[in-house]
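In what follows, a single structure is set out as structure tokens and then discussed.
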Amino acid sequence: MNFTTIYNERIDEKILMGTHKSGLRVALVPKKGFSKFYAIYGTEYGSVDREFIALGERERTVLPDGVAHFLEHKLFEMSDGTNAFDSFSKTGGNSNAFTSFNITAYLFSCTENFYENLDILLEFVNTPYFTDENVAKEQGIIGQEIKMYDDDPQWRVFFNMLTAMYHNNPVKRDIAGTVESISEITPELLYKCTNTFYNPSNMFLVLVGDIDENKIEEYIDKHISSDRDTGKVEKFTEDEPENRAKEYISQKLSVSTPMFAIGFKEKKTGASGYELLKKEITTEILIELLFGKSSENYIKMYESGIIDASFDGETELEKEYGFTSFGGESKDPEAVYKTIKECIENAKNEGLCEDKIRRIKKAVLSDEIRMYNNVENIGNTYIKSLMKGINPLDYTKAVEEIDKAYLEERLKEHFDTENCVLSVVYPMEGEE
């Protein structure tokens, strides 16, 4: 397997990119002299991927909610009765996994025995084992997890926000599904999903550390044959209107102070690669400019008492959907909602400050450089970027290209105060 080197001279970082004969895309981030290693192995398959054409079939398969998350749990269980977690513990590896809206990933970090841990990772992800008995057992375990999240105010205020924002896009559905939806999961359905989504050409392997690139191919060869490449997965999504589904949504749970989430829906989806990277960075800069902890807007809201230190903002932009959210605790969420909209409209009318833009761009670049001191941050950032068609080393170039005009255009386009939503979780009666 041949690697192509991509180098960013400004930050003195490089990626070695290669494709295994099976179709598996591999990114190696060499960190000479580092004592820690990190590997993350992911598939472009998450909770939003509900409709697709399965391998060898012509008709659409429509999945019940929660299958991707269910699979993440089940793959650690091996056919010989052992568990991959136990295997990692014997070699000093610290393993985990996660399922998001559009990625399922398996990972480990270690300070020794890197190649033995890589062996374990590649083996358990590529040898699924499902039976009626172990599926039924997992349904009970995940059912309890779902019930726990149903009572989690942070989880609920966030997904309620997405429910208010989206009409059809499955991003509004809980990643773990419901107790009813996971009861429909069978071993046959899980095998259909692994055969389709866990084919090598739908996956990425990102390795970070002081690693010999000449050894990687032999470990991949042991677990993935060249005939596993079944090509691009055909997925389907429902059309999503640009407008919000509803402006306001609320729920009562056991909290002492109301919790809120304010959401701005991305209307122009479909971007990928460098275009999407610039959108992401621009939105992050705007969040910091308008509502970062050193901004005038944040200070005024904090001093007035309508927000506290829990207030924060973030953006998530993908090819098929995107949103920016602001959340925290407040005794008056409606006042926060009103103030944020007013601040955004004032910024549109008055324009943005060049000096503040320069300062925040410097801070953003500093954060990017610091990321390269942490192997976990590198691996997680890289796999998410690569699956969007983004070259992570383009980050510095994108920041430099973003100017005042571009920021102001993005502000008007994305932060539409006539199309935003407010989600609130209020205390139960008698708990205020």
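Rank by packing, highest mean first: peptides 131-143, 259-271, 335-347, with packing defined as the count of other Cβ atoms within 10 Å averaged across residues.
Highest mean packing first, the order is 259-271, 335-347, 131-143.
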I'm a student and want to see the number: the projected area of the Cα convex hull of region 172-315, averaged over all directions, in nm². 15.5 nm²
Describe numerically, in nm with one decimal, the distance between label points set 7 Å from Cα along Cα→Cβ at residue 55 and at residue 83. 2.7 nm
Give or take rounding to whole Å, what are the principal axis extents of the alpha carbon atoms in the chain, in descending order? 61, 53, 42
Using only the alpha-carbon atoms of region 120-238, report the extent along each of the three principal axes, biggest first, to the nearest angstrom. 49, 35, 31
Note, residue 43: beta-carbon cut-off 12 Å, +1 each Lys/Arg, -1 each Asp/Glu, net -2
Between the residues 113, 131, 46, the Cα farthest towards the positive end of the dipole of region 42-183, that dipole coming from +1 and -1 charges on the beta-carbon of Lys, Arg, Asp and Glu, is from 46
Using only DSSP helix segments of four residues or longer, with each worth -39500 (n - 2.57), what per-residue ellipticity at 222 nm results for the chain after dividing by its residue count and rounding to 500? -13000 deg cm²/dmol
The value for region 5-138 (convex hull of the alpha-carbon atoms, volume per residue, Å³) is 154 Å³
C-alpha center-to-center spacing [region 45-95, region 365-432] in angstrom: 28 Å
Over the C-alpha atoms of region 283-432, what are the Rg and the largest Cα-to-Cα span, Dmax, in Å? 17.1, 54
From the P(r) of region 5-67, can you give the percent of Cα pairs sitting at distances over 12 Å? 79 percent
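So how do 31, 362, 14 rank on accessible area, 1.4 Å probe, biggest first, that is with the largest at the start?
So, going from the largest accessible area down, we get 362, 14, 31.
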Largest-first semi-axes in Å of the equivalent ellipsoid built from the Cα gyration tensor of region 84-125 are 20, 10, 9
Among 56-68, 182-194, 116-128, how do they line up by average Cβ neighbours within 10 Å per residue, starting with the highest? 116-128, 182-194, 56-68
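The values are calculated or read from the model by the stated rules, or taken from the named source; none is laboratory data. If you're wondering where the values come from, they're calculated on a predicted model, not measured in any experiment. Please note: Cβ atoms are built from the backbone with ideal geometry, for glycine as well, and neighbour counts cover all protein chains shown. Just so you know, the surface numbers come from the protein's heavy atoms only, side chains and all, with ligands and any DNA or RNA stripped out. Shrake-Rupley method; radii C 1.70, N 1.55, O 1.52, S 1.80 Å.
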